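Quick notes on the structure that follows.
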């Protein structure tokens with residue numbers, strides 16, 4: 001019986017791993033993301049990994065990823081980020097939190113972070129770097145398609 005349960009556990013582990021869509025994004029001192037668009041399906045588990053690939057370590061430009069919900073624009077959200085300098089340019093008020101799916105904090109060269117979420121309703125989810133002066137070059141979207 002134990003060997004049957006162990007075999008069942010091994011068989012189900014890869015199935016779970018396949019349920020998570022892994023997205024990879026990076027940036028360096030050139031202030032551009034490695035990708036500007038992704039596509040996922042509504043209801044999918046998503047793991048977005050972001051890496052600051054600059055080789056300058058702490059002296060590198062710091063970058064992050066802020067993922068907004070559909071209907072929100074980077075241009076209207078970015079001023080909220082500038083006002084939140086003390087918290088790494090991520091606003092923490094309720095209205096702002098309601099506009100975001102989530103975020104990855106500012107990262108120095110060589111650092112990486114992860115944002116895990118479940119893809120919501122179909123639509124376009126904008127993402128950008130909220131470090132001052134970066135969002136005009138560092139932006140993209142995750143398109144969520146219907147099941």
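Quick notes on this structure:
- Size of the chain from its Cα atoms: along the principal axes, largest to smallest, the extents are 60, 36, 26 Å.
- Alpha carbon centroid spacing (whole Å) that separates the range 81-147 from the range 46-77: 6
- R0 of 22 Å, Cβ-Cβ distance residue 22-residue 105: FRET efficiency to nearest 0.05: 0.65
- Take every pair of alpha-carbon atoms less than 8 Å apart whose residues are at least six positions apart; their mean separation over the length of the range 24-64 yields a relative contact order of 50 percent.
Computed from the coordinates by the stated procedures, all read-outs in this text should not be read as laboratory data. Predicted, not measured: the structure shown is a model, and the values here were computed from it. Backbone-built Cβ (ideal geometry, glycine too); neighbour counts: all protein chains shown.
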